[in-house]
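Worksheet for the structure shown next.
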Amino acid sequence: MVITVELFHTLKKYNKERFKDDENSFELSIDGRDEILLDELVSLLNIPDEEVGFATINSVKHNWNDPIKDGDRIKIFPVIIAG
Amino acid sequence: MFYKDYIRVLNINLSTGRIRVDKRKDLRAYLGGVGVASKLLQENMNPDLPPLHEDQPIIFAIGAASSVFPVITKTVAMFVSPLTGELGESYAGGRLAFTMLHAGYDAIVITGKSQKPCYVTVTQTGVEIKDARAFWGMDSDKVGSYIRNREHGSGKRSIIRIGPAGENLCSYASVCVDTYRHFGRLGLGAVFGSKLMKAMQVTGDLPMPIPNFKDYFKTYSKLYKQVTETEVMAKYHDAGTPINVEPLSAMGGLPTRNLTSGTFEHAENISGEAFAKNNLIRKMACTGCPVGCIHIGQFRREFDHGYEYEAISVGYDYELIYALGSFLGVDNTDGVLYVIDAVERNGLDAMSCGVVLGWACEALERGIITEEQTILPLKMGDYVNLAKAVDYIAQGVNQLYTDMGKGVKHVAKKYGGYDFGMQIAGNEMPGYHTGYGSLVGALVGARHSHLCNAGYSYDQSNRDKELDKEKLVDYLISEEIERCLLNSLIICLFARKVYSRENIRMVLKCVGLDYTDETLTDIAKRILRTKLEIKKSLGFAIQDVKLPKRFFETPTTTGKLDQYMANEIAEEYARRCEEILAEEDESIKEFV
Amino acid sequence: MARALRTDGMRKCIGCFSCMTVCAAVNKHNFSISKSAIKIKTNGGLKHGFYATVCHACKDDRACLEACPTGALVERKGGGVLLNKDMCTGCKKCVDACIVGAVFFDEEENLPIICKHCGSCTRFCPHQCLTMEEVDDVL
Ligand code: SF4
Ligand code: SF4
Ligand code: SF4
Ligand code: SF4
């Protein structure tokens, strides 16, 4: 399956090699699977749990154990803190 | 004072012109910052008098380790709030803490009322109350530059001042600190106005030898390294707090159009990136902060026909963009800056102002108020008229605008629309509609701010889980207590992750205060207890708060909230407060 | 090779004053930034950017040194001067002589404050406004 992943702000640094040029997102192909959980994706991308705020699948807010399917577009945002 | 066993308090009485300096050993039991300020407020206020009575005090305090460690930058102001009628507590960065430290004062207490408009200058060698008649009516930017030009003297300075809104006693008038920071919330500006005090300048460069240089520098270097290596550093320096706009909107927690929604379809257009691309011209920091989260944006305004333009620069951050952007349906960066500029010039709190305007737009649309009253065809997104309305509020041009200047609770009670006047215990809502944490957190927080206990943060990390009432109450109360400690040093909350208990103890040790964790917890609880006592004496009870219905109609990040559940959580919190109030304060004896 | 302080990155300055705090702490063991050899200033109010006033590490003609009647200032390798405290009378001639205004005065100690190009401040500038440059060892 192939999905598109968009990482925001500080989360980018964990996947530097995956981004082409100035792009904000990259395509990710996962062999031998036709479904993967959001949770799994986060660990696959080496993003520490405590830095992840929340994520959307095709622009809709989702839970961590929601499945991602071929062709989905995932956005992952860092946690929000205020001062 | 560092390495001393007392707190040095400067007392200024504007009625009599008397100045007095106290060395208070007993105040060490409150560490510094919010602790010392709470105690001084309790001693000096009169719960039976209205908030703007001349006998009510203004307290400023710096923390126990202000300015000499990274990101320990803030000053606290405490007063009786003209907006809520109860505890007034507000924080500002800039240079104020730094200059107070170097002028040699831990706290300043201002009482009385001047006979004519005045400004106060505080230096290490003396205090003066000076004529400000010609400054009355000026916007806060202008008066800042006049004082800058008029006052000489060595050392760095900090100038804090009010605009027309404070003079006219708007209940949520702010005090501008060094152009880009503010004592924003809860109406300190009106308290200044009620004392006919336009401004205060603090300068200082007292020599302060470091007796234990090695330890100090080791600690400083360690903390500096930790701060500059945290996420906060990159995140809040690069795009600034506005990077929260997009994710909050996507997760449905960005209050939009008077909280009719938690998602703003134009969030991308007013995101941190959009501001950076369109308007950002400079970044700045409070004195002592390597992060530098202050973002200055510029926009162009036509002030006359015939291509007469001026370039205007104003500071922007998440709270401003929420309150004057998404909350009012303003969908472009220039428009948001346009309204921010009006709020700045007049010296109002942006969040309160935005929420009041949100109510006004909806009330007009529903026919609760008329265009005759609003003078302008106020509507969501029309930033030019919204900015004009800001002027009208500050000037109180008619009865409606005067009422709007008293806060959304007041105006909605009087004209109607209580259920969509978005306040919590009289304070206009902060920019987080994320769940029970944010809502109940602001309700039970001592000053009804999202920063009392960061309830939004709880919502975020527990989003997928079932609500656990006990756990939420535990979280809120322990966070509130821990923040009493952070705020007695006074650490900018962006760096709170860096300032673990271990680091706090290390820092305090460097300035001569060697405390155990236990003592620190006792102090933090003592501070909260003092604040709760103040609130009680001013008649506040959690049970009396009636939240507007809309909080329960518009889904949050964690789904729709239930009013009964919210009340239950709040009541449980109230019960815990009673426990804290009833606790015997044994350890205070160590200090007296 | 000798090194000298450079301020080429000041456009990125956020006005945090870490450099001043560190200079005063390291060189004078004091919290007061009036003891710092570098001064960060604004051009009238915060609406305008920051600039730094600090010794430029003059090489050929050191005005401060030339003005000093007692010989308390000596040439530093790589530019600038070093102060010999014992010989200084506190006459402030160097303060007037430096045309970039980089000699400050410590009234408490009755001594001029001049940057010694030690580089401490550069290690605590969060945005690389201040840097140390390798320079020829010329005297
Ligand atoms: S993070 Fe921002 S508000 Fe906090 S001290 Fe630094 S510049 Fe000031
Ligand atoms: S103090 Fe002034 S005159 Fe002396 S070397 Fe430095 S810049 Fe040149
Ligand atoms: S190089 Fe050393 S002496 Fe010069 S300003 Fe920096 S810290 Fe001070
Ligand atoms: S440390 Fe760097 S950013 Fe901070 S004031 Fe000095 S030069 Fe500016």
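The values are calculated or read from the model by the stated rules, or taken from the named source; none is laboratory data. Predicted model only: the values in this text are computed from it and were never measured. Glycine gets a Cβ as well: all are built from the backbone with ideal geometry, and neighbour counts include every protein chain shown. Just so you know, the surface numbers come from the protein's heavy atoms only, side chains and all, with ligands and any DNA or RNA stripped out. Shrake-Rupley method; radii C 1.70, N 1.55, O 1.52, S 1.80 Å.
The table for this structure:
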read-out	value
Check on residue B:380, touching a residue at least 24 places away in the same chain (Cβ under 8 Å) and within 22 Å of residue B:166 (Cα to Cα)	no
Residue in the range B:83-95 that is within 16 Å of ligand 1 (Cβ to nearest atom) and either of a type in the set (S, T, N, Q) or surrounded by fewer than 24 Cβ atoms within 10 Å (Cβ to Cβ) (or both) present	yes
Residue selected from the range C:20-32 under the condition open to solvent by less than 10 Å² (accessible area, probe 1.4 Å) and more than 7 Å from chain B (Cβ to nearest Cβ), by the criterion farthest from ligand 1 (Cβ to nearest atom)	C:24
Matching residues in the range A:1-24 - criterion: being over 13 Å from the mean Cα position of the chain (by Cα), closer than 20 Å to residue A:72 by Cβ and either open to solvent by 70 Å² or more (accessible area, probe 1.4 Å) or charged (D, E, K, R) (or both)	A:20, A:23
Selection count where residues are more than 16 Å from ligand 4 (Cβ to nearest atom) and buried (at least 24 other Cβ atoms within 10 Å of the Cβ), scope the range B:273-292	1
Candidate set: the range C:111-139, residues that are more than 14 Å from the chain's Cα centre (by Cα) and surrounded by 13 or more Cβ atoms within 10 Å (Cβ to Cβ); chosen: the one nearest to residue C:51 (Cα to Cα)	C:129
Subset of the range B:160-180 [away from every other protein chain (no Cβ under 14 Å) and assigned to a loop (DSSP other than H, G, I, E, B)]	B:162, B:163, B:168, B:169, B:170, B:171, B:172, B:174
In the range B:2-23, the residues that are surrounded by 14 or more Cβ atoms within 10 Å (Cβ to Cβ) and out of contact with any Leu (no Cβ under 9 Å at 6 or more places or on another chain)	B:8, B:10, B:11, B:12, B:13, B:17
Residue match in the range B:246-264 (condition: closer than 26 Å to residue B:184 by Cα, within 16 Å of ligand 1 (Cβ to nearest atom) and within 25 Å of the chain's Cα centre (by Cα))	no
Candidate set: the range B:207-256, residues that are among the charged types (D, E, K, R) and more than 10 Å from chain A (Cβ to nearest Cβ); chosen: the one most open to solvent (accessible area, probe 1.4 Å)	B:214
Residues located in the range B:302-316, provided they are touching a helix residue (DSSP H, G or I) at 6+ places or on another chain (Cβ under 7 Å) and either open to solvent by 40 Å² or more (accessible area, probe 1.4 Å) or over 26 Å from residue B:432 (Cα atoms) (or both)	B:312
Residue identified as surrounded by fewer than 19 Cβ atoms within 10 Å (Cβ to Cβ) and under 30 Å from residue B:224 (Cβ atoms) among B:414, B:497	B:497
Those residues of the range A:61-71 which are surrounded by fewer than 19 Cβ atoms within 10 Å (Cβ to Cβ) and either facing chain B (nearest Cβ under 9 Å) or in contact (Cβ under 8 Å) with a residue 60 or more places away in the chain (or both), in sequence order	A:61, A:63, A:64, A:65, A:69, A:70, A:71
Residues located in the range C:46-73, provided they are within 15 Å of the chain's Cα centre (by Cα) and either away from ligand 2 (no atom under 11 Å from the Cβ) or in a helix (DSSP H, G or I) (or both)	C:51, C:52, C:63, C:64, C:65
Search result, residues across the range B:300-316 that are more than 14 Å from chain C (Cβ to nearest Cβ) and either more than 19 Å from the chain's Cα centre (by Cα) or modelled with pLDDT under 95 (or both)	B:300, B:301, B:302, B:303, B:304, B:305, B:306, B:307, B:308, B:309
Answer residue from the range B:260-272, given it is among the hydrophobic types (A, V, I, L, M, F, W, C) and crowded, with 24+ Cβ neighbours inside 10 Å and is nearest to the other protein chains (Cβ to nearest Cβ) among those	B:264
Test set (1) within 24 Å of the chain's Cα centre (by Cα); (2) under 24 Å from residue C:35 (Cβ atoms); (3) at pLDDT below 95; (4) not aliphatic (A, V, I, L, M) - residue B:204 fails condition number	(1)
So residue C:15, is it small (Gly, Ala, Ser), within 14 Å of ligand 3 (Cβ to nearest atom) and open to solvent by less than 10 Å² (accessible area, probe 1.4 Å)	no
Enumeration of residues in the range B:35-63 that are in contact with a helix residue (DSSP H, G or I) (Cβ under 6 Å, 6 or more places away or on another chain) and either over 30 Å from residue B:208 (Cα atoms) or open to solvent by less than 10 Å² (accessible area, probe 1.4 Å) (or both)	B:35, B:36, B:38, B:42, B:47, B:52, B:57, B:58, B:59, B:61, B:62, B:63
Subset of the range C:87-121 [away from ligand 2 (no atom under 11 Å from the Cβ), part of a loop (DSSP other than H, G, I, E, B), without any contact (Cβ under 8 Å) to a residue 40 or more places away in the chain and hydrophobic (A, V, I, L, M, F, W, C)]	C:88, C:91
Failed item, numbered, when residue C:57 is tested on (1) in contact with a His (Cβ under 9 Å, 6 or more places away or on another chain); (2) away from every other protein chain (no Cβ under 12 Å); (3) buried (at least 23 other Cβ atoms within 10 Å of the Cβ)	(3)
Positions within the range A:4-27 being touching a helix residue (DSSP H, G or I) at 6+ places or on another chain (Cβ under 8 Å) and more than 21 Å from residue B:240 (Cα to Cα), in sequence order	A:5, A:19, A:26
Any chance residue C:92 is more than 16 Å from ligand 1 (Cβ to nearest atom) and surrounded by fewer than 16 Cβ atoms within 10 Å (Cβ to Cβ)	yes
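Let's see how each residue does on (1) within 29 Å of residue B:294 (Cα to Cα); (2) under 11 Å from the mean Cα position of the chain (by Cα):
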position	(1), (2)
A:26	no, yes
A:44	no, yes
A:49	yes, no
A:52	yes, yes
A:56	no, yes
A:76	yes, yes
